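Have a look at the structure below, then the notes.
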Amino acid sequence: MTPKDDIAPRLERIKATIPAGVTLVAVSKFHPAETLMEAYQAGQRVFAESRVQELLPKIQALPADIQWHFIGHLQTNKVKQLVGKVALIESVDSQRLLDLIDKESAAQGTVTRVLLEAHVAREETKTGWSPEHLLDYFDNHRYRNLKATHLCGLMGMATNTTDEGLIAADFEKISALARTIRGRCPDLTGFDILSMGMSDDYPLAIRHGSTMVRIGTAIFGARQY
Ligand SMILES: *Cc1c(COP(=O)(O)O)cnc(C)c1O
């Protein structure tokens, strides 16, 4: 873990490398509320968590003007608990989950903002929509059936490799997918967020069109699982 005094200067250094128009999301999973508070006091307002059971107590414990993002695999039985609590669900990895979020949001009388998680990395273990599945969904205009969900763009991760060429190619694929979708669906408004880039690869992601970077380790230090 990063000593508390280091969090503010680390945030400043990272912010200095991020152009205006790119949102910095502080990935705070596995760090205690006091650690998040250090970042909050340094001006950070957007935080992301990957587990519902960890997120809900943090929402209770921390200031109300924080915008919470959810970035983990969301189990369908946790959707009810999450809807209405977060500014953005970045990790919608299947149509089944999307439809469930929509149904629950309508039932609660709220609108949920989401990103669809695109799967372009080489690892089978990563989840998300294949490019084919995404294009099929949008070409058939199935998004028009959504009643209480706002599709705000795509989230994606590059292959876990040191090969920068491969990482860049993955980011470019996700960028190109978003452009293709926007081009084919002119009625799809506000589909403009591209969430790509983590501690090790965010400068490369920004060069390939990222508008939102999800940074944990570079702010808070290593996580203790
Ligand atoms: C944990 C996590 C991050 C942050 O990763 P770091 O390497 O610590 O910056 C970003 N995105 C997702 C989806 C994550 O689960």
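FYI, it's all coordinate maths here, none of it is from the lab. Keep in mind that this is a model prediction, so the values were computed, not measured. Because the Cβ atoms are built from the backbone with ideal geometry, glycine has one as well, and the counts that use them run over all protein chains shown.
Taking the Cα centre of segment 139-225 as origin and assigning +1 to Lys and Arg Cβ atoms and -1 to Asp and Glu Cβ atoms, the resulting dipole is close to 460 debye.
The length gained on full extension between Gln75 and Asp187, counted as 0.36 nm times the residue separation minus their Cα-Cα distance, comes to 37.3 nm.
In this structure, the residue pairs whose Cα-Cα separation is over 20 Å, taken from Lys85/Lys147; Lys29/Lys126; Lys147/Lys173; Lys80/Lys126; Lys58/Lys126, are Lys147/Lys173; Lys80/Lys126; Lys58/Lys126.
If you take the square roots of the eigenvalues of the alpha-carbon gyration tensor of segment 42-119 and sort them as a ≥ b ≥ c, do you get rounded (a/c under 1.5), prolate (a/b over b/c) or oblate? Prolate is the answer for segment 42-119, as a/c is 1.5 or above and a/b outweighs b/c.
Let me check I've understood the local charge: for Glu164, count other residues with C-beta under 13 angstrom from its C-beta, Lys and Arg +1, Asp and Glu -1. What total comes out?
Computed value for this residue: -4.
For the chain, the square roots a ≥ b ≥ c of the C-alpha gyration tensor eigenvalues yield an a/c of 1.5 or more together with a/b not exceeding b/c, which makes the shape oblate.
Taking a ≥ b ≥ c as the square roots of the eigenvalues of the Cα gyration tensor, an a/c ratio of 1.5 or more together with a/b larger than b/c marks segment 111-225 as prolate.
For segment 82-141, the Cβ-based charge dipole about the Cα centre amounts to some 280 debye (Lys, Arg positive; Asp, Glu negative; other atoms uncharged). Among the GluC sites (Glu not before Pro) in segment 114-210, those placed in a DSSP loop whose Cβ has at most 16 other Cβ atoms within 10 Å are Glu123, Glu124.
Footprinting exposure proxy ranking of Ser105, Ser130, Ser195, Ser94, fewest other C-beta atoms within 10 angstrom first, gives Ser130, Ser94, Ser105, Ser195. Loop only per DSSP, at most 14 neighbouring Cβ atoms within 10 Å: give me the trypsin sites (Lys or Arg not before Pro) in segment 57-144, ordered by residue number. Passing sites in segment 57-144 are Arg122. Applying 1/(1 + (r/R0)^6) with R0 = 22 Å to the Cβ-Cβ distance of Asp65 and Ala20 gives a FRET efficiency near 0.55. With R₀ fixed at 22 Å, the C-beta to C-beta distance from Asp200 to Ser130 puts the FRET efficiency at about 0.35.
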